[in-house]
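Inspection log for the structure reproduced underneath, given as structure tokens.
Every read-out reported here was derived from the displayed coordinates using simple, explicitly stated rules and does not represent laboratory data. Because the structure is predicted, anything quoted here is derived from the model rather than measured. Here the Cβ positions follow ideal geometry from the backbone for every residue, glycine too, while neighbour counts run over all protein chains shown.
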């Protein structure tokens, strides 16, 4: 298996018309069609890898185009070549002398990198087991050695500790805020009453505010005792998040962010500046497991809990692996730790997440759990799958729809 | 002219095979083919707009794909609608409820935004004149009001001051460093001898180093008295640049960065953290004049000189307008200010830059100076222009070449 050579990379634009029912809309993303750039890597042996990155509709074709552009760096490599020095392969993908310019390590080209690397990790997980030293060698430490060295990283990887507690049901709930203050007060009040004083409320502004605006708005909502405010301002504004964090200390409210934090260099600074109190990693925004390992290790070193972003399509399937690694090998604690979950679109995966008593159950199938059903890929393929053909026909034409 | 409606947007992938002669290569971009995603916006009247964003070869097709995806937001609009509330149009392009996800305001999608907005500015400049209040209304102040408010911005726009001094020739020179310390010492020593003690030397590492590494490397090169070190580490690392800046104060060396700084929120923090001493704006990386106005105004408020990045293809043509605005309306000083220049590829433009006595001469043709010659667009079009057909044929096949 290890000697298998990658001979083909297929990428599909798969979109679910979730905007028709307003699923997942928020203050900044009003009409998302949950979508994926779905990658299948084929080898000359009986081994495949399945990966994806998550998008919200229009623009998925740009990510597909970027995956195709990167594919020449992947085809012809053996799994052995890649994983023997995985950080070198990571750097090959992210540092191509020409394509690096249109990132670097951010936006479309990094989403494409994530999709491809997710497929490689899936393939590797299907092929063999791993050890901590191999994991550390997957990380590109460039630009983060001032926060975490290779030696320190190895020290952070602790032995397995037995899970100590369980929760009996869902106890943590999130409300979207930021569009209208009076309406936010109404909804937060209602939900706090519904869930009672003992359960946890979190609020999410999806980057709606300027820095000063965030502080005053959250101060008004403080009476509902949210654990955190998520994405109060621009995902790029480290110093802004630091200012907000500082202002919220007296109110006992933390700042959570990360679902649009674009790489390890940004997470490093959020940690260095005490700009967040909850690290929300995402399985598809940064460079797959490789870069998420660096982020998890830095969070462990800075003693900040990790609470992954999930939902979308496939994000729960992917990120459950990362949070299990964090629990088993790094934090060994559930204190202030949770993993987002949305019960939506799991039926399109061959090994969907299993939730029992409001907990993710460890996946049992080999791989990274994001292989999709062939019929889903066909049916929801954009724009030629049955579902889209019918929607676009109803809308009159594809041009009208995309406007 | 003002009522002209945009009816068509054409985007071309134009690449110059500069890697064949190793033009423009640096520590991180070893084989650039200087390229552009070249946009022509057509109206129902006798008015067109020409814009571009700069790339270095592979991946330009991804930017082209992104321009096409954004084009539906532009077609059908009149110039009047756009410029009457230009910051709203800017936000429309950068905040599409679906495409925002694959940025936001960074990487491929932001380069595409830049190309389109550059064409709109070109069109507007051809159509009519502007006043300061209109300029301020072009800026999206979201996420930067903690550093600069609309009111303050208007205050920064000063009256024209007469240019006070001229230079007789080229007096400032830049050396690429970062690949090999002994070789850097050799070349810096040589160039310092050539240019004498009175002229200015600058060094550029193109993001080669980690933070600690940068400080020690630059310390070794301090004896050659560089004015600045450019891009010492990751363009995303605000706190890293701040640490490097602080360490270099005793050596009298400043930090310059910005050519890969992806938006106004990042520049805001570089200024807030005193992480740079020279702001290197780029005409194609951020959202055109709109976003560069915000950056120029913040730099003026923080009293940090602006020294634009240029070179590439068309960057000199575009950025000369921005630096003239900075000089005339904001800084009114040439102290520590300069604008990069490379004498390369200007022959493909209808109104190329004019340099006299090592100074940019103010452009006299209406527009943003990036209209290309039709024959250049044809000949260097990728992959079907004559030049590429011949190169790809020699290389055997396009597939082999792109690997």
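What the table shows:
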read-out: Computed over chain B: relative contact order in percent, which uses C-alpha pairs under 8 Å that are six or more apart; value: 16
read-out: Ranked list, fewest to most other Cβ atoms within 10 Å of each Cβ, for A:54, B:349; value: B:349, A:54
read-out: Alpha-carbon centroid distance for the pair segment A:299-362 / segment B:380-396, whole angstrom; value: 49
read-out: Computed over segment A:39-139: relative contact order in percent, which uses C-alpha pairs under 8 Å that are six or more apart; value: 45
read-out: Rg(Cα) / (2.2 N^0.38 Å) computed for segment B:210-273, rounded to two decimals; value: 1.07
read-out: Percent of alpha-carbon pairs separated by more than 28 Å within segment B:1-144; value: 23
read-out: Segment B:245-342 - Rg over Rh from alpha carbon coordinates, Kirkwood radius; value: 0.94
read-out: Shape of the protein assembly as shown, Cα gyration tensor, a/c cut at 1.5; value: rounded
read-out: Proxy reagent accessibility, fewest Cβ within 10 Å first, across B:384, B:321; value: B:384, B:321
read-out: Share, in percent, of DSSP beta bridges within chain B that are antiparallel, nearest 5; value: 60
read-out: Among B:95, B:245, B:369, residue whose mean-square fluctuation peaks in a GNM of chain B (springs only between Cα atoms under 10 Å); value: B:95
read-out: Mean residue ellipticity (222 nm) of chain B, computed from DSSP H runs ≥ 4 via -39,500 (n - 2.57), nearest 500; value: -11000 deg cm²/dmol
read-out: At 1.306 mPa s and 10 °C, Stokes diffusion of chain B via Kirkwood alpha-carbon radius, µm² per second; value: 73
read-out: Axis-nearest residue of B (beta carbon) for the B-onto-A rotation, whole Å; value: B:107, 1
read-out: Beta bridge orientation in the protein assembly as shown: antiparallel %, DSSP, nearest 5; value: 60
read-out: Exposure proxy order (Cβ contacts within 10 Å, fewest to most) of A:150, B:340, A:231; value: A:150, B:340, A:231
read-out: Gap separating the Cα centres of segment B:188-243 and segment A:90-125, nearest whole Å; value: 29
